[in-house]
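S.K.: Just passing along the structure, written as structure tokens.
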Amino acid sequence: MFSAFSSIDYQSIRASTPAETAVKRLNGIGEVLSGLDISAIHSQDDMAHALWTLDTADKCIRMILTEFRTARTKDVVREANSLIVLIEAARDEISGYRGDVRILS
């Protein structure tokens, strides 16, 4: 997973404006999240990992919004809000899996 994040900063360096940099970073987070397969959750460990991934992504999005607060454009805000909504939907879906997940001892 960490290799996916390494490409975000490289792509961001080539952006021409701060807003483009923010959008590219947000797109990178979206790419990482698109690899999250909620249907593959079969254990408490799987669930914990998925929730950790969602929490980390949410924190990264909020850090980007903080870092680029003076350069926020409609594109930055729209992309960030879209990702936050998707993260919340994924959390809701995962919480629906809790009854179906095997508890490993």
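S.K.: For region 47-74, what are the residues that are open to solvent by 80 Å² or more (accessible area, probe 1.4 Å) and within 30 Å of PRO18 (Cβ to Cβ)?
M.R.: The first filter runs over region 47-74 and keeps only residues open to solvent by 80 Å² or more (accessible area, probe 1.4 Å), leaving 49, 52, 59, 62-63, 67, 69-70, 72, 74.
Of everything in region 47-74, those that are open to solvent by 80 Å² or more (accessible area, probe 1.4 Å) and within 30 Å of PRO18 (Cβ to Cβ) turn out to be TRP52, LYS59, ARG62, MET63, GLU67, ARG69, THR70, ARG72, LYS74.
S.K.: Is there a residue being without any contact (Cβ under 8 Å) to a residue 40 or more places away in the chain, of a type in the set (S, T, N, Q), more than 19 Å from GLY28 (Cβ to Cβ) and open to solvent by 20 Å² or more (accessible area, probe 1.4 Å) anywhere in region 38-46? Even if it seems obvious, please write down each step before you answer.
M.R.: Of the residues in region 38-46, the ones without any contact (Cβ under 8 Å) to a residue 40 or more places away in the chain are 39-40.
Keeping just the survivors that are of a type in the set (S, T, N, Q) gives 39.
Then drop every residue that is not more than 19 Å from GLY28 (Cβ to Cβ), which leaves 39.
Cutting the leftovers down to open to solvent by 20 Å² or more (accessible area, probe 1.4 Å) gives us 39.
Within region 38-46, one or more residues are without any contact (Cβ under 8 Å) to a residue 40 or more places away in the chain, of a type in the set (S, T, N, Q), more than 19 Å from GLY28 (Cβ to Cβ) and open to solvent by 20 Å² or more (accessible area, probe 1.4 Å).
S.K.: I'd like the residue in region 29-48 that is part of a helix (DSSP H, G or I) and more than 10 Å from the chain's Cα centre (by Cα) and, out of all such residues, is farthest from GLU93 (Cα to Cα).
M.R.: First, the residues of region 29-48 that are part of a helix (DSSP H, G or I): 29-34, 38-40, 44-48.
If we keep only those that are more than 10 Å from the chain's Cα centre (by Cα) as well, we get 38-40, 44-48.
On the way: ILE38: 8, SER39: 10, ALA40: 12, GLN44: 15, ASP45: 16, ASP46: 14, MET47: 11, ALA48: 14 Å.
The selected residue is ASP45.
S.K.: Any chance you could count how many residues in region 1-32 are of a type in the set (A, V, I, L, M), at pLDDT 85 or above and open to solvent by less than 30 Å² (accessible area, probe 1.4 Å)? Walk me through it before giving the result.
M.R.: Residues of region 1-32 of a type in the set (A, V, I, L, M): 1, 4, 8, 13, 15, 19, 22-23, 26, 29, 32.
Filter again for at pLDDT 85 or above, leaving 19, 22-23, 26, 29, 32.
If we keep only those that are open to solvent by less than 30 Å² (accessible area, probe 1.4 Å) too, we end up with 19, 22, 26, 29, 32.
Final tally of qualifying residues: 5.
S.K.: So if I check each of LEU51, LEU83, which one is in a helix (DSSP H, G or I) and closer than 24 Å to LYS24 by Cβ? Quick ask: steps written out before the conclusion?
M.R.: Numbers: LEU51 fails: closer than 24 Å to LYS24 by Cβ.
When all the criteria are applied, what remains is LEU83.
The values are calculated or read from the model by the stated rules, or taken from the named source; none is laboratory data. What you are looking at is a predicted structure, and each value in this text was computed from that prediction instead of being measured. Every residue, glycine among them, receives a Cβ derived from its backbone with ideal geometry; neighbour counts consider all protein chains shown. Just the protein is used for accessible areas: all its heavy atoms, side chains included, with ligands, DNA and RNA removed. Shrake-Rupley method; radii C 1.70, N 1.55, O 1.52, S 1.80 Å.
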